[in-house]
Amino acid sequence: MPVLAESTTDFSKTEINAALTAEQKRHLLRDMIRIREFETGAFEQYQKKKMGGFLHLYIGQEAVAVGSVSLMGDNDHVITAYRDHGHALAVGMGMDECMAELFGKRTGCSKGKGGSMHFFAPDKNYWGGHGIVGGQTPLGLGLAFGLKYKGLKGCSMCFLGDGAVNQGAYHESLNLAGLWDLPVIYVIENNGYSMGTSQKRSSAFNTCLAERAAGYGIIWDVVRNGSDLYEVREVVGRAVERAHAESRPTVLEIATYRYEGHSVADAKHNKQTLQEGYRTKDEIEHYRKNFDPIGNFSEKLIQEGVTTEDEIKEIRKAAVAETRASVTFADQSAFPTAEDLLTDVYSEVDHNTLAGRTGRHFFND
Amino acid sequence: MRTITYRQALNEAFDEEIQRDPNVFLIGEEVAEYDGAYKVTQGLWKKHGDKRVVDSPISESGFIGMAVGASMLGLRPVCELMFWSFYTVAWDQIANNAGMVRYMSGGLINCPIVIRGPANGGTNVGATHSHTPENIMATIPGLKVVCPATARDAKGLMKTAIRDNDPVMFMENTMLYGLEGEVPDPADGDFTIPLGVADLKREGVDVSLIAHGRSVLIALEAAEILSAEHGIECDVLDLRSIRPLDEEAILETVAKTSRVVLVDENKPFCGVSAQIAALIQEKAFDDLDAPVQRVCSIDAPAIYSPPVEKEQLPTARRVIDKVLSII
């Protein structure tokens with residue numbers, strides 16, 4: 001079970017959050033609402049069979065991506081696993097290119113070649129979107145290595161799920177990060193389940209998953225209430241500072257919760273009893289009611305006098321309209337052609353360089 | 001022309017490329033302070049320092065994946081696998097990340113990385129250390145695969161591989177490291193060899209022997225014996241790069257001789273020669289006067305026993321027998 005628990009500290013008063021303007025706070029709320037509405041819309045389109053394959057929804061976890069990404073400077077980079085729509089929108093990717101990618105259209109962010117699990121926007125320091133559990137963890141390390149090699153003061157935020165912490169690639173990455181003082185932040189988004197297997201059935205640990213970092217000499221920390229955007233910013237902010245100032249890695253574990261299944265094709269995530277599935281409707285309802293990141297932040301901002309219920313309604317309405325427009329955009333866009341199969345495989349071929357024109361690269365008829 | 005070893009030729013290529021481009025760095029197990037398990041990187045750490053020549057712990061998935069990530073930011077890592085056989089523990093990083101990140105990002109991300117090291121049998125190190133995975137690498141569209149047979153080719157192809165904007169899997173050979181060959185002097189200018197261009201290493205008229213890597217030397221040895229003892233003259237075509245592949249050169253030699261024996265250290269099932277044979281029957285069927293023949297490693301895990309391992313790999317004797325069977 002995730003360790004989501006009410007914060008005992010009021011993180012809105014910490015330096016990093018006190019520095020936020022009212023406009024910035026409304027923007028953060030808007031970012032979370034846009035992710036929620038985009039994914040709700042995507043789910044509807046999935047049910048209408050507008051897309052194939054998997055759709056791993058981030059609904060319930062929005063404060064993690066939005067809070068973390070809000071701390072990024074010019075030389076800070078983000079990479080994540082397959083539950084990647086939230087991070088994509090948080091770094092500023094447009095709904096149109098994201099929805100079109102889900103629809104497998106040529107106007108998608110990856111030209112319809114990547115799909116739901118493989119969104120990328122290197123111009124926004126967003127390096128995907130990776131399908132193999134834990135496979136992105138050495139890549140995130142490489143971004144940090146690249147920054148240090150180039151002498152840039154930045155960091156790599158590498159997100160992973162609680163199911164990824166048992167992969168070898170992750171442990172190899174931790175060893176190298178600790179050994180070489182690389183400015184990488186591994187953010188474990190612990191939503192309690194690696195697909196249908198609860199944390200207690202999948203991981204051996206002492207007090208938490210992040211604590212394993214201690215064995216590699218890496219500082220670790222925990223966000224107990226990952227639905228509190230302020231707490232996320234406070235804890236991730238300290239790690240970013242450590243990366244920038246000391247070029248040292250950090251492992252963070254953020255307790256969070258996903259409302260939907262592992263992917264939308266997960267029949268056993270919301271049953272009446274634990275005999276029928278791996279979690280119950282009651283459990284989901286408990287988190288929805290008590291730990292909703294959008295509800296939580298909305299309430300705080302209203303209390304602070306930063307926004308009003310009416311304004312939030314307007315934000316939601318705008319996000320719904322933006323989502324609808326992205327569905328129309330995706331619907332009206334063309335699919336890639338059979339010729340597109342053979343582009344974006346080799347850079348030298350695409351750019352028609354001498355190297356790309358020399359020898360046979362493809363072995364079709 | 002001056003003569004240096006295959007090992008020195010590679011070392012020279014690294015040295016020159018490290019000096020030419022600040023983004024080029026070497027990384028691998030024992031490549032720096034130890035001077036390389038096979039001394040291929042000898043002296044480079046002393047000359048270029050910790051930043052450019054990096055010792056990695058034994059952690060192939062970790063450091064190769066890290067290098068892929070660094071290459072996405074524009075660095076040009078040259079990663080050493082102490083044996084190419086160890087690709088198995090880094091396979092997800094090589095296939096899914098290096099091989100596919102460009103495609104899955106719709107061309108937004110490049111991966112200009114070189115992964116290199118020896119890929120050969122014949123040194124009695126058992127099945128786990130004797131893999132020749134050029135066929136496996138070449139099945140991934142997005143990866144390029146190079147297998148030089150001589151010192152000259154090793155240097156020229158390595159320099160090109162480092163400059164290439166796509167991931168290049170560079171297969172060397174511990175049995176070739178000490179062999180000498182003519183390599184142009186750096187004083188005479190920058191020396192590179194393009195990928196995708198085969199090299200006709202011997203000219204003949206009767207049979208085409210097509211090979212890559214050390215098998216080229218086996219083919220040349222067989223060709224000399226066939227000439228001396230049987231009066232049969234062979235073309236020996238060195239593919240040099242597997243992907244991209246010089247299809248024109250293959251079809252040219254087949255059209256010339258009408259008889260082909262493929263020499264390939266891969267195992268026969270889905271080995272590189274299986275692809276070449278398919279290509280020849282598709283595109284040059286009418287040129288052939290005999291079925292395409294293959295000499296591959298015997299289809300079993302690499303055996304340890306030294307005298308038997310010699311026989312498991314392609315030998316000049318087996319090549320000669322195949323040639324005689326189709327003449």
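The values are calculated or read from the model by the stated rules, or taken from the named source; none is laboratory data. Note that the coordinates shown come from a computational prediction; the quantities given were computed from them, not determined experimentally. Please note: Cβ atoms are built from the backbone with ideal geometry, for glycine as well, and neighbour counts cover all protein chains shown. Quick note on the areas: whole protein, heavy atoms, side chains included, nothing else; ligands and nucleic acids left out. Shrake-Rupley method; radii C 1.70, N 1.55, O 1.52, S 1.80 Å.
Shape summary of the stretch B:1-97, radius of gyration then Dmax from alpha carbon positions: 13.4, 43 Å.
Considering only the stretch B:3-188, what is the antiparallel percent among its DSSP beta bridges, to the nearest 5?
15 percent
When the alpha carbon gyration tensor of chain B is reduced to an equivalent ellipsoid, the three semi-axes, largest first, read 33, 21, 19 Å. Pull up the DSSP beta bridges for the protein assembly as shown and report the antiparallel fraction as a percent, rounded to 5. Counting DSSP beta bridges with both partners in the protein assembly as shown, the antiparallel share is about 20 percent.
Here chain B is treated with +1 on each Lys and Arg Cβ and -1 on each Asp and Glu Cβ, and its dipole about the Cα centre works out to around 580 debye. Note on chain A: GNM, Cα springs under 10 Å; of A:H171, A:H85, A:H130, the largest mean-square fluctuation is that of A:H171.
Only alpha carbons enter this Debye calculation for the stretch A:81-125, each as an equal point scatterer, and the log10 of I(q)/I(0) it gives at q = 0.24, 0.25, 0.26, 0.31 Å⁻¹ is -0.72, -0.79, -0.85, -1.17. Per residue, the stretch A:210-331 exposes 45 Å² of accessible surface when a 1.4 Å probe is rolled over the protein heavy atoms with every protein chain present. Averaged over the residues of peptide B:73-82, the number of Cβ atoms from other protein chains lying within 10 Å of each residue's Cβ is 3.
Given Cα positions, please report Rg to Rh for the stretch A:229-291, the hydrodynamic radius being the Kirkwood one.
1.20
Spatially close Lys pairs in the stretch B:3-188, defined by Cα atoms under 20 Å apart and a spacing of eight or more places or different chains, total 9. Excluding the sites themselves, what is the longest stretch of chain B that contains no chymotrypsin sites (Phe, Trp or Tyr not before Pro) in a DSSP loop with at most 13 other C-beta atoms within 10 Å? It runs B:35-268. Spatially close Lys pairs in the stretch B:199-326, defined by Cα atoms under 17 Å apart and a spacing of eight or more places or different chains, total 4.
As a length-normalised measure over Cα pairs under 8 Å and 6 or more apart, the relative contact order of chain B settles at 16 percent.
Using the rule -39500 (n - 2.57) for each DSSP H run of four or more residues, divided by the residues of chain B, the 222 nm mean residue ellipticity is -9500 deg cm²/dmol. Cα gyration tensor of chain A, axes a ≥ b ≥ c as square roots of the eigenvalues: rounded (a/c below 1.5), prolate (a/b > b/c) or oblate? Taking the square roots of the gyration eigenvalues as a ≥ b ≥ c, chain A is rounded. From the Kirkwood radius over Cα pairs of the stretch A:47-204, Stokes-Einstein at 10 °C and 1.306 mPa s returns a whole-number translational diffusion coefficient of 99 µm²/s. Amide H to amide H distances under 5 Å link B:V54 with B:L26, B:I27, B:G28, where only residues 5 or more positions off or on other chains count and H is placed in the peptide plane. Rg/Rh, computed from the Cα trace of the stretch B:199-326 with Rh as the Kirkwood radius, has the value 0.95.
Could you list the GluC sites (Glu not before Pro) in the stretch A:262-365 that lie in coil according to DSSP, counting only those with at most 12 other Cβ atoms within 10 Å of their Cβ?
A:E276, A:E304
Ordering A:L229, B:G49, A:I188 by Cα displacement along the dipole of the protein assembly as shown toward the positive end leaves A:L229 in first place; charges were set at the Cβ atoms of Lys, Arg (+1) and Asp, Glu (-1). Inter-chain neighbour count for A:115-124: the average number of beta-carbon atoms from partner chains within 10 Å of each residue's beta-carbon is 3. Grab the stretch A:219-337 and count how many Lys pairs have their alpha-carbon atoms under 28 Å apart, sequence gap of 8 or more, or different chains. Summing the qualifying lysine pairs gives 13. Using a cutoff of 8 angstrom between alpha carbon atoms and counting only pairs six or more residues apart, the relative contact order for chain A works out to 22 percent. Across the protein assembly as shown, Cα-Cα pairs farther apart than 31 Å form 57% of the total. How would you classify the stretch B:173-265 from its alpha-carbon gyration tensor, with a ≥ b ≥ c the square roots of the eigenvalues: rounded for a/c under 1.5, else prolate if a/b is greater than b/c, otherwise oblate? Judged from the Cα gyration tensor, the stretch B:173-265 comes out prolate (a/c at least 1.5, a/b above b/c). Take the alpha carbon gyration tensor of the stretch A:235-348, find the square roots of its eigenvalues, order them as a ≥ b ≥ c, and report rounded if a/c is under 1.5; if not, report prolate when a/b exceeds b/c, else oblate. Rounded, because the longest to shortest axis ratio a/c is under 1.5. Close amide H partners of B:L200, meaning residues 5 or more places away or on another chain with modelled amide H under 5 Å apart, are B:D238. Relative to the longest principal axis of the C-alpha atoms of chain B, give the angle of the C-alpha long axis of helix B:6-20, reported between 0 and 90° and rounded to the nearest 10°. Compared with the principal axis, the helix lies near 40 degrees. A Stokes-Einstein calculation at 10 °C with viscosity 1.306 mPa s, built on the Kirkwood radius of the stretch A:1-136 over Cα pairs, returns a diffusion coefficient of 100 µm²/s.
For the pair the stretch B:64-101 and the stretch B:14-42, the centres of their Cα atoms are 16 angstrom apart.
Once you've got the GNM for chain A with C-alpha springs shorter than 10 Å, pick whichever of A:L274, A:L301, A:L71 has the biggest mean-square fluctuation. In this elastic network of chain A, the residue with the biggest mean-square fluctuation among A:L274, A:L301, A:L71 is A:L274.
Accessible surface buried by the B/A pair amounts to about 4200 Å², both sides summed, 1.4 Å probe. Mean partner shielding of peptide A:105-114, defined as the number of other chain Cβ atoms within 10 Å of each residue Cβ, is 3.
Here r is the Cβ-Cβ distance between B:L251 and B:A300 and R0 is 22 Å; the resulting FRET efficiency, rounded to 0.05, is 0.10.
Computed about its Cα centre, the charge dipole of chain A is approximately 540 debye, with only Lys, Arg, Asp and Glu carrying charge at their Cβ. The Rg/Rh ratio for the stretch B:56-194 is 0.98, where Rg is the radius of gyration of the alpha carbons and Rh is the Kirkwood radius. Among B:E80, B:E221, B:E229, the residue with the largest mean-square fluctuation in a Gaussian network model of chain B, with springs joining Cα atoms closer than 10 Å, is B:E229. The calculated Kirkwood hydrodynamic radius for the stretch A:155-216 is 12.2 Å, given to one decimal from all distinct C-alpha pairs. Taking the Cα centre of the stretch B:199-326 as reference, the dipole from Cβ charges on Lys and Arg (+1) and Asp and Glu (-1) amounts to some 420 debye.
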